[in-house]
Amino acid sequence: MPPKSATTPKPLVAGNWKMNGSRASLQEITLMGLGYDADLRRNVDLLVCPPTPLLYPAATAALGTAIAIGAQDSHEKISGAHTGDVSPNLVLDTGATMVILGHSERRTDHGEKDSLIEQKAGSAIATGLVAIVCVGETRAEREAGRALAVVRRQLRGSIPRTATAAQLVIAYEPVWAIGTGLTPTANDVAEVHLAIRTDLKKLLGKQQGEMVRILYGGSVKPNNAKELLSIDNVNGALVGGASLKAADFMAIAETYR
Ligand code: PGA
């Protein structure tokens, strides 16, 4: 599935290792690099987001592979007395180039709200990182018919208005699809991604809004990647469980060959 045209964003397949992996897992990045040949590199960007202590060794393992490394969070401030937190500057200093912000697990575990996520995204972008801002409804919100309203509210509240398409990625991740093996129907994914695209054009201007990558995330696996990634306005995937093993992650990336 080659890129549709020069006027659509280049797809991105991103792996979110969450609180998994160890130094031994870095060999998976080496294996991913072996499968990421020139043809695939032309068609899709690859990113791996390991836990913070692995950022620097992961960036080292990825040298020469064209695989980008990203963090799973960064603080809204550039430095200071914030025990246990990590600044966007340090993330960049490890060799990482992107950061996931506002993942539903951060929103739940750490009570992160849209306004904080917007600040974090602003600082990350000012530092020179690409911000991957996550949005997505819960099961109760979808069952109540509020999925679109929730996603649009999160989007409006969490993205810096001055961001360009090169600085920002959106990930639509229905909370009920994360780690459950459940996925929305293709029609439901198409509906949400179109709403996000329409709002991005309003919030960032037509030109930038059209080129922001919108990833789908939530139980993306080798066996459903083709269907999910061929939906309109789906410009790649944010992959959790299936990103821990090079074979699964690369099978998903291969969709774009
Ligand atoms: P999953 O996680 O692929 O394991 O469902 C996706 C995510 O939370 O980013």
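The values are calculated or read from the model by the stated rules, or taken from the named source; none is laboratory data. This is a predicted model, so every value here is computed, not measured. When we count neighbours, we look across all protein chains shown, and the Cβ atoms used for this are built from the backbone with ideal geometry, even at glycine. What goes into the accessible areas is simple: the full protein's heavy atoms, side chains included, and nothing from ligands, DNA or RNA. Shrake-Rupley method; radii C 1.70, N 1.55, O 1.52, S 1.80 Å.
Summary table below
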read-out	value
Residue that is farthest from the ligand (Cβ to nearest atom) [pool: residues in the range 242-254 that are in contact with a strand residue (DSSP E or B) (Cβ under 9 Å, 6 or more places away or on another chain) and open to solvent by 10 Å² or more (accessible area, probe 1.4 Å)]	M250
Number of positions in the range 215-228 that are under 23 Å from P50 (Cα atoms), touching a helix residue (DSSP H, G or I) at 6+ places or on another chain (Cβ under 9 Å) and in contact (Cβ under 8 Å) with a residue 60 or more places away in the chain	2
Selection from the range 125-146 of residues that are under 16 Å from R106 (Cα atoms) and either charged (D, E, K, R) or assigned to a loop (DSSP other than H, G, I, E, B) (or both)	G136, E137, T138
Count of the range 80-112 residues which are on the phi > 0 side of the Ramachandran plot and over 17 Å from the mean Cα position of the chain (by Cα)	4
Meets criteria (modelled with pLDDT of 95 or more and in contact with a helix residue (DSSP H, G or I) (Cβ under 8 Å, 6 or more places away or on another chain)) for A68	no
In the range 183-210, the residues that are hydrophobic (A, V, I, L, M, F, W, C), within 30 Å of N223 (Cβ to Cβ), open to solvent by 10 Å² or more (accessible area, probe 1.4 Å) and touching a helix residue (DSSP H, G or I) at 6+ places or on another chain (Cβ under 9 Å)	A186, A195
Of all residues in the range 173-206 being in contact with a Ser or Thr (Cβ under 9 Å, 6 or more places away or on another chain) and in a helix (DSSP H, G or I), the one that is nearest to the ligand (Cβ to nearest atom)	A177
Residues satisfying the stated conditions in the range 147-172, i.e. of a type in the set (S, T, Y) and part of a helix (DSSP H, G or I)	S158
Candidates E76, E141, E105, E118 - the one that is of a type in the set (D, E), open to solvent by 30 Å² or more (accessible area, probe 1.4 Å) and within 16 Å of the ligand (Cβ to nearest atom)	E105
Residue match in the range 157-174 (condition: among the hydroxyl-bearing types (S, T, Y), under 26 Å from K10 (Cα atoms) and open to solvent by less than 10 Å² (accessible area, probe 1.4 Å))	yes
Residue that is nearest to F249 (Cα to Cα), among those in the range 207-236 that are within 14 Å of the ligand (Cβ to nearest atom) and in a helix (DSSP H, G or I)	A225
Residue selected from the range 27-41 under the condition open to solvent by 60 Å² or more (accessible area, probe 1.4 Å) and aliphatic (A, V, I, L, M), by the criterion farthest from the ligand (Cβ to nearest atom)	L34
Filtered residues of the range 42-58 (kept if open to solvent by less than 60 Å² (accessible area, probe 1.4 Å) and either farther than 16 Å from N16 by Cβ or aromatic (F, W, Y) (or both))	N43, V44, P57
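Listed here are the residues, each with its yes/no results for (1) more than 21 Å from E227 (Cα to Cα); (2) within 16 Å of the ligand (Cβ to nearest atom).
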| residue | (1), (2) |
| --- | --- |
| V13 | no, yes |
| S25 | yes, yes |
| D45 | no, no |
| P57 | yes, no |
| T60 | yes, no |
| A66 | yes, no |
